[in-house]
Amino acid sequence: MVVKVVVLDYGFGNVRSAERAVARAGAEVEITRDYDAAMNADGLLVPGVGAFAACMTGLREARGDWIVERRLAGGRPVLGICVGMQILFSRGIEHGVEADGLDEWPGTVGPLKADAEHAVPHMGWNTVEAGEGSRLFAGLPADARYYFVHSYAVHDWEFRATHAAMTAPTVSWTTHGGPFVAAVENGPLWATQFHPEKSGDAGAQLLSNWIETL
């Protein structure tokens, strides 16, 4: 059975790179903002580059906020990448401008901490400390490296389970001038701060791991 993935085209993200990488990982891919196609696909990939507020504006104009909400309400998988991960949090603050996110997770996207050894923007390869039991990083060695390009991140994980029966999300971390969230797995909603589509064989394996869950 062929797995169908839609890469949501809302004007913010390298959709062609994502298309090629997902196809390489074994899925049939369509780039579109069509509501029905995005809702009916086995998996929805939400890329993102640029400023948080601009991405949110573009997403709303494409009804992407509604698509993500409705898919998750039905338990249908969504994968956010880079700013496509950041907008899943409550808010983002860039250059003193605060913007609301999709609020799927509580938390604030804020500036990376620069120092003498860590320039901003963060552009380069980092290892990731995968959360215990991670399915996203299954089969990948601890020293695998992933490609990051960003100036903002989530430094504090604020989600708390509201009752004992709730399964806590799996959170993976990395460091650049301080720790920040590198990836989250939360039921049907997964996301990475890094770019798996630019992360070579490790990124291809990671995307394959996601596709296998669809």
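For a paramagnetic label modelled on Val120 (point 7 Å from Cα along Cα→Cβ), amide N atoms under 13 Å away belong, within segment 81-105, to 93-97. Applying the criteria of a DSSP loop state and at most 16 other Cβ atoms within 10 Å to the GluC sites (Glu not before Pro) of segment 76-177 yields Glu117, Glu132, Glu158. Compactness of segment 1-68 was expressed as the Cα radius of gyration divided by 2.2 N^0.38 Å, which yields 1.06.
One quarter of the convex hull surface built on the alpha carbon atoms of segment 49-99 amounts to 3.5 nm², the projected area averaged over directions. When the distances between all Cα atoms of segment 109-169 are binned every 5 Å from zero, what whole-number percent does each bin get? Cα pair-distance distribution for segment 109-169, in percent: 4, 14, 16, 19, 19, 15, 9, 3, 1. Principal semi-axes of the equivalent ellipsoid, √(5λ) from the alpha carbon gyration tensor of the chain, are 23, 20, 18 Å from largest down. Kirkwood hydrodynamic radius of segment 81-186 from all distinct Cα pairs, in Å? Roughly 14.6 Å, rounded to one decimal.
In terms of overall dimensions, segment 1-117 has a Cα radius of gyration and Dmax of 14.6, 51 angstrom.
Bear in mind that the values in this text are calculations on the coordinates, not laboratory data. Fair warning: this is a prediction, and the values are worked out from it, not measured in the lab. Please note: Cβ atoms are built from the backbone with ideal geometry, for glycine as well, and neighbour counts cover all protein chains shown.
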